[in-house]
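Worksheet for the structure shown next.
The values are calculated or read from the model by the stated rules, or taken from the named source; none is laboratory data. All of these numbers come straight from a predicted model, not from anything done at the bench. Positions of Cβ are backbone-derived with ideal geometry, glycine not excepted, and every protein chain shown enters the neighbour counts. Protein only, heavy atoms only, side chains kept; ligands, DNA and RNA dropped before computing areas. Shrake-Rupley method; radii C 1.70, N 1.55, O 1.52, S 1.80 Å.
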Amino acid sequence: MQVSIIIPTKDRGSVFDEALQSVIKAIEGLDAEVIVINDSKTSSPNIPSVWNNVILVHNPKSGVASARNLGASMSQAEILLFMDDDFIIPPDSIVRALNVATHDSLKIHLFNWIYPPALQQHLTQFQFGRYLIAQGFTSVQGWLGKGWREDMVFELKDGASYFLPIRKSIFTEVGGYNENFPHAGAEDYDFIQRAKEKGVRFYLDKSCTLYHNERDRLELRNWLMRKERNGVTLQIAVSFGHEELALNYSIYKKIIMATLSKAKPILFWFLKLIPNARMFDRLYFSLTSLLLSIYLFIGYSKKISGQ
């Protein structure tokens, strides 16, 4: 078997369906298996029975780290390909990933990604959508910021597991994903830093572009709640020795942030009053960034059992 594609998913509905359909097209002609790990305790994705190379497994634990590890433990191929459940991939993407992974096991190419064109157009129609565009959340270039380079392929300081090919032997040597992370977030950073200690190098490869289809995650409150969970994972990562990820708050800033945390309803009320017109975007963006800081602070400051 050439590759085991491992896709954790949780309550993504048609977004996951579109991602899986693109995978099925991309593995045509390949000896491949797709292992879907359902991390939801309330629903299950619908896998057509005709796709006999797709395995659906329910995660007895919880969290994307444990889901990925479970998928890896069940895989039959030497090449693992971890993929997020909201990526639509081009037909040649898996072959491209395999070519790199088999050529040099210590070089991992992460492909470029952007939001689908139709979704990008939709985002321009409302304030939070324009905020996501302005802050660079709709492309890997925006996420990398100053780390972006014009080279077709360039080395990364860290990365993510949205479409990550790796040899199973190296994955085992690294120790898999740390299941102490209860949510998606810094578990990727932790894994990649441990992989780098084993000599693995990560690159961004712009020769292939994936579509990151987050069309079901365009509601501000839910987006902020995810950022709060990201704050939790940052706190955990720091406790594991990743001090470079620490969010340092002076005593005065802690007092200010704690006070602002109690004022969230007022801030949301102000946001609702702002007309959906570009001339007011600067005000809307400022309040949304303030809320983002508040939610990160809440997550980072949350008391976690066992920590």
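Place a point 7 Å from Cα of V95 in the direction of its Cβ. Which residues in region 9-48 have their backbone N less than 14 Å from it?
25-31
Hydropathy at least -1.0 by Kyte-Doolittle, axial extent at least 27 angstrom from the Cα trace: which helices of the chain, defined as entire DSSP H runs, fit?
Length and hydropathy pass: 220-239, 281-301.
Pull out the extension gain between L106 and L220, defined as 0.36 nm times the separation in residues minus the alpha carbon to alpha carbon distance; nm, one decimal.
Length gained, L106 through L220: 37.1 nm.
Compute, for S169, the solvent-accessible surface of its heavy atoms (probe 1.4 Å) with the complete set of protein chains present, and express it in square angstrom to the nearest 10.
The accessible area comes out at roughly 60 Å².
Can you tell me the accessible area per residue over the chain, all protein chains present, probe 1.4 angstrom, in square angstrom?
48 Å²
Averaging sequence separations of C-alpha pairs under 8 Å and six or more residues apart, then dividing by the length of the chain, give the relative contact order as a whole percent.
With pairs under 8 Å counted, the relative contact order is 20 percent.
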